[in-house]
Amino acid sequence: MSGSQSSLREANRARVVEAVKRHGGLTQVELTGATGLSAATVSTIVKELLGAGMVEVRPAVRSGRRAQLVTLAHRVGLVAGVVVGYRQMRVAIADVTHEVLAEQTLPLPAEHRPDTSLDRAALLVVDLLERVGADLEELVAIGLGLPTPVDASTGLLSVRGVLRGWDGVPVAQVLEKRLARPVFVDNDANLGALAESTVGAARAYHDSLYVRVSHGVGAGVVLGGRVHRGVGGTAGELGHVQVDPGGRICGCGSRGCLDTVVGVPALLEPLATSHGNLTLRDLVQLAETGDPGCREIVADAGATVGAVVANLATVLSPQCVVVGGELAETGEIFLGPVREAVRRRTLLSQFVPLEVVSATLGTQAELMGAILLALQSTDVFENADDGRGNQ
Amino acid sequence: MTPGRTPLLALRQISKNFGAVEALVGVDLDVHAHEVVALVGDNGAGKSTLAKVIAGVLQPDSGLIEMDGAPVTLPSASAANRLGVASVFQDLALCENLDVTANVFLGREMYNRAGLLQEGQMETETRALLRDLTVRVPSIRTPLRHLSGGQRQAVAIARTVIGNPRIVVLDEPTAALSVAHTAEVLTHIERLRGMGLGVILISHNLNDVRAVADRVEVLRHGRNNGSFRGDASHEEILAAITGAGSPSL
């Protein structure tokens, strides 16, 4: 009897914490509504959680009345992660323990403009801070991910033509000017690699590869526990490895890049006559629900990407390959052919077979990477401090 | 999703006059399941009139409306509702003094056999519905007047899903919303599409439209003035809206 009661209390606590997490911050009255628990139960649980240091209570105003806003504890300051993709932007606010307090996805138009998108990114950061009951003062830094190589020292895109319209835009400075907070920029695959090697599937390994298969293909190379960025941040640009010498011209100017074969337009084109207008998300969903045509497309993409990954792995000899991005959401449909292609390179299975696993953080990897980048960069900044501005 | 399949809703040569004003002149529109069709155009281009025809609020002077390939008439909003068309207009038509649950179930309340309201059941369903749509409303017992513009829009969208509609018409859902709330509404639209519904999105904001639409239909002076894929360029669509191409008379 007592056992079931304590497990009930445990479940109720979990419900309250989950509600606070989902909404960022709630008053106790709102918590009763959000969880369906009684006011007395919520009050008791909030007291317990306060005592355990899991939540914080700060004054707020709701409907013109003073109220106590319950948020997850974030004592030492907050960081923001922003990941801009081809068709969506994701923004998250997290505390120093990497706990995501608030998150929002914004769908973006094809070939979105840097001025509009960066403006919206800045406004989203401010809106999300408001949602968790914090203000801009508490924000320590912002990590920004872009789907193109970025020179970390200048914050400029290092390859022209990959993200159309963004060439020459001082991305970090634009956001810094808007938010008056240091902004650190990196390529999204590098951020995914940072996240997976720090808190994800590759955290037990020194050397690993992170392969991100989304609108295009990118990779992050982790050597000796550090992300290897290369000249101008262009290391790991798997999408621009040539796979078809007679193929189409890529946005970068070369012929037959991997992106021209397994980039989203190339994946969806063969489905246009049979399936009509699909998005990447539709393709992933249909493949998961067993649509044979979509499974075929995803599996073939896996084989093509796998062959390139196998070559890269032969050169670098990592302990583990982590596969992320939307296509990896299909699980073994995509991962199977990648693993098969890797297995066929005998060198990779000679000593210890190279592991090919899916990203533990899933499609959150890049966002978590942006958060980690902001946290790690500011640590360095604070230690070396004293009057020196950020990069 | 599959071209060549019968559209969920097809409008053929719809015309509507208000006295000397030609609001709609021979307009065609197809909406398939699992598709977001955006209607764009200048002020007075006929977007809202067309939306009201689809919602059954206005009757066209001439033209044919087909659902699943069969001709139908939409003499009233409730008739349209029964055929699976749900609409959210700019005024949202929500009750300020009622809470979120009551608004979601407004006019479609659930009763038990004794004729009493099943409040618990309705709350549970509302909570599940809001979670499916990833709607962020602090408490479903909050009266509507205490919610922000974005939250109200979310409640209005959630309300449309209650009657298991097949087509949802959204008139300017992102007008006057903050970026975070716009992001939420656009995400809800993607969810509706993912649920297999046909969505008609009317908006002035080309950025929002191009973010979620599969197809963009331009109206100009009550006439069709171009149909574009959702990834068409801003400039192309703008040219059709402003008539920078060739004016059609």
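What follows draws every value from the coordinates through simple rules; no lab data is involved. If you're wondering where the values come from, they're calculated on a predicted model, not measured in any experiment. Please note: Cβ atoms are built from the backbone with ideal geometry, for glycine as well, and neighbour counts cover all protein chains shown.
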Practice problem: Determine the shielding of peptide A:26-32 by partner chains: average, over its residues, the number of Cβ atoms on other chains within 10 angstrom of each Cβ. | Solution: 3
Exercise. Any chance you could check the Cα centroid distance between region A:5-67 and region B:71-88 for me, in angstrom?
Key: 42 Å
Practice problem: Could you tell me how many degrees, from 0 to 90 and to the nearest 10, lie between the Cα long axis of helix A:365-383 and the main elongation axis, the longest principal axis, of the Cα atoms of chain A? | Solution: 70 degrees
Quiz item: Most fluctuating residue of B:Leu39, B:Leu130, B:Leu106 in a GNM of chain B with Cα springs under 10 Å: which is it?
Solution: B:Leu106
Exercise. Please identify which residues in region A:164-203 have an amide N closer than 14 Å to a label point set 7 Å out from the Cα of A:Glu111, following the Cα→Cβ vector.
Key: A:164-167
Quiz item: Among the lysines, which have Cα under 29 Å from the Cα of B:Lys47 when same-chain residues fewer than 8 positions away are ignored?
Solution: B:Lys16
Quiz item: Are there trypsin sites (Lys or Arg not before Pro) in region B:77-169 that DSSP marks as loop and that have at most 10 other Cβ atoms within 10 Å, and which are they?
Solution: B:Arg113
Quiz item: Using a Förster distance of 60 Å, how high is the FRET efficiency between A:Leu316 and B:Ala114, based on the Cβ-Cβ distance and rounded to 0.05?
Solution: 0.25
Quiz item: Among the lysines, which fall within straight-line cross-link reach of A:Lys47, defined as a Cα-Cα distance under 20 Å, with same-chain neighbours fewer than 8 residues apart omitted?
Solution: A:Lys21
Quiz item: Which far-off residues, 5 or more places away or on another chain, put their amide H under 5 Å from the one on A:Ala235, with H placed in the peptide plane?
Solution: A:Gly230
Exercise. Round to the nearest 10 and give me the degree value, 0 to 90, for the angle of helix B:179-194's Cα axis relative to the longest principal axis of chain B.
Key: 80 degrees
Quiz item: Using a simple charge model, +1 on the beta-carbon of Lys and Arg, -1 on the beta-carbon of Asp and Glu, nothing else, what dipole does region B:27-242 show about its Cα centre, in debye to the nearest 20?
Solution: 480 debye
Practice problem: With only Lys, Arg, Asp and Glu charged, each at its Cβ (+1 for the first two, -1 for the last two), find how big the charge dipole of the protein assembly as shown is about the Cα centre; round to the nearest 20 debye. | Solution: 820 debye
Quiz item: Going by average Cβ neighbours within 10 Å, how do the peptides A:187-196, A:77-86 rank, with the highest at the top?
Solution: A:187-196, A:77-86
Quiz prompt | Principal-axis tilt of helix A:2-23 within chain A, Cα atoms, nearest 10 degrees | solution = 70 degrees
Quiz item: Can you give the extra length, in nm with one decimal, that the chain gains between B:Asp61 and B:Ala79 once fully stretched, where that is 0.36 nm per residue apart less the Cα-Cα distance?
Solution: 4.7 nm
Self-check item: Helix-only mean residue ellipticity at 222 nm for the protein assembly as shown, each DSSP H run of n ≥ 4 adding -39500 (n - 2.57), per residue, nearest 500
Solution: -11500 deg cm²/dmol
Quiz item: Regarding region B:54-144, what are the three Cα extents along the principal axes, ordered largest first, in Å?
Solution: 46, 33, 25
Quiz item: For B:Arg12 and A:Arg344, what is the calculated FRET efficiency with R₀ set at 60 Å and r taken between the beta-carbons, to the nearest 0.05?
Solution: 0.60
Quiz item: Ratio of chain A's C-alpha Rg to 2.2 N^0.38 Å, to two decimals?
Solution: 1.07
Quiz item: Picking from A:Leu146, A:Leu136, A:Ser6, whose Cα lies most toward the positive end of the charge dipole for chain A (charges on Cβ: Lys, Arg +1; Asp, Glu -1)?
Solution: A:Ser6
Exercise. Find, among the trypsin sites (Lys or Arg not before Pro) in region A:297-366, those assigned to loop by DSSP (not H, G, I, E, B) with at most 12 other beta-carbon atoms within 10 angstrom.
Key: A:Arg344
Exercise. Report the semi-axes of the equivalent ellipsoid for region B:1-122 in whole Å, largest first, where each axis is √(5λ) for an eigenvalue λ of the Cα gyration tensor.
Key: 32, 19, 14
Quiz prompt | Where only alpha carbons of region B:95-196 are counted, the Rg and the Dmax (Å) | solution = 13.6, 46
